[in-house]
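Okay, so here's the structure we're looking at.
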Amino acid sequence: GDGDRAITLPPLGERGAAGGRVAELVPGSAELPVLQGARAVLLTWARALENRQFGTAWDQFGNPPASRAAFTKWWQRYRTITVSVPTGEMEGAAGSSYYTAPAIVTGETIEGKAFRLQGDVILRRVNDVDGATPAQLRWHIESADLKAAGS
């Protein structure tokens with residue numbers, strides 16, 4: 001997709017303590033069961049980050065961007081983490097389904113500085129094709145392209 005889409009988000013509330021609430025919006029549609037599978041993985045990832053369960057967050061990736069230890073070390077720079085994942089968009093491609101959601105991660109670093117990361121989180125699953133493994137048929141995070149945003 002093109003990453004230049006402007007997204008309007010509700011104003012962020014008070015700074016969340018560890019274990020903040022994840023914004024959850026689920027549209028009613030025929031794709032709901034499929035959508036819920038993607039959202040469930042996305043929300044598991046978001047809640048795991050907020051609760052500092054970095055191993056669980058790492059487990060949501062199909063092909064993790066780094067080792068579990070490196071991923072954990074990277075996130076440990078933040079003292080508090082709040083994740084907002086408004087509703088995304090579902091797309092089908094040959095043999096796969098994709099769900100792209102804009103994500104905003106805010107909080108405080110260990111040094112007490114405010115931070116804000118934003119970008120698209122893309123989830124993927126292989127459609128029910130012959131020979132697909134259970135792991136391929138499960139929704140997983142394909143990529144999380146989070147970049148520091150100007151405060």
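The values are calculated or read from the model by the stated rules, or taken from the named source; none is laboratory data. Keep in mind it's a predicted model, so treat the numbers as computed, not measured. Remember, those area values only see protein heavy atoms, side chains included, never the ligands or the DNA or RNA. Shrake-Rupley method; radii C 1.70, N 1.55, O 1.52, S 1.80 Å.
Of note:
- Built from the Cα atoms of the stretch 96-151, the convex hull projects on average onto 4.7 nm², one quarter of its surface area.
- In the calculated pair-distance distribution of the stretch 54-111, the portion above 13 angstrom amounts to 71 percent of the Cα-Cα pairs.
- Annotation: Tyr98 carries an accessible surface of approximately 70 Å², with a 1.4 Å probe and no ligand, DNA or RNA atoms counted.
- Among the protein heavy atoms, those of Lys113 account for about 130 Å² of accessible surface (1.4 Å probe, every chain in place).
- Largest-first ordering by accessible area, 1.4 Å probe, given options Arg124, Arg138: Arg138, Arg124
- When nucleic acids and ligands are ignored and a 1.4 Å probe is applied, Asp59 ends up with an accessible area of around 80 Å².
- Accessible surface, 1.4 Å probe, highest first, among residues Glu108, Glu89: Glu89, Glu108
- Note on exposure: Thr133, Thr106 ranked by accessible area (1.4 Å probe, complete protein assembly) read Thr133, Thr106, with the most exposed listed first.
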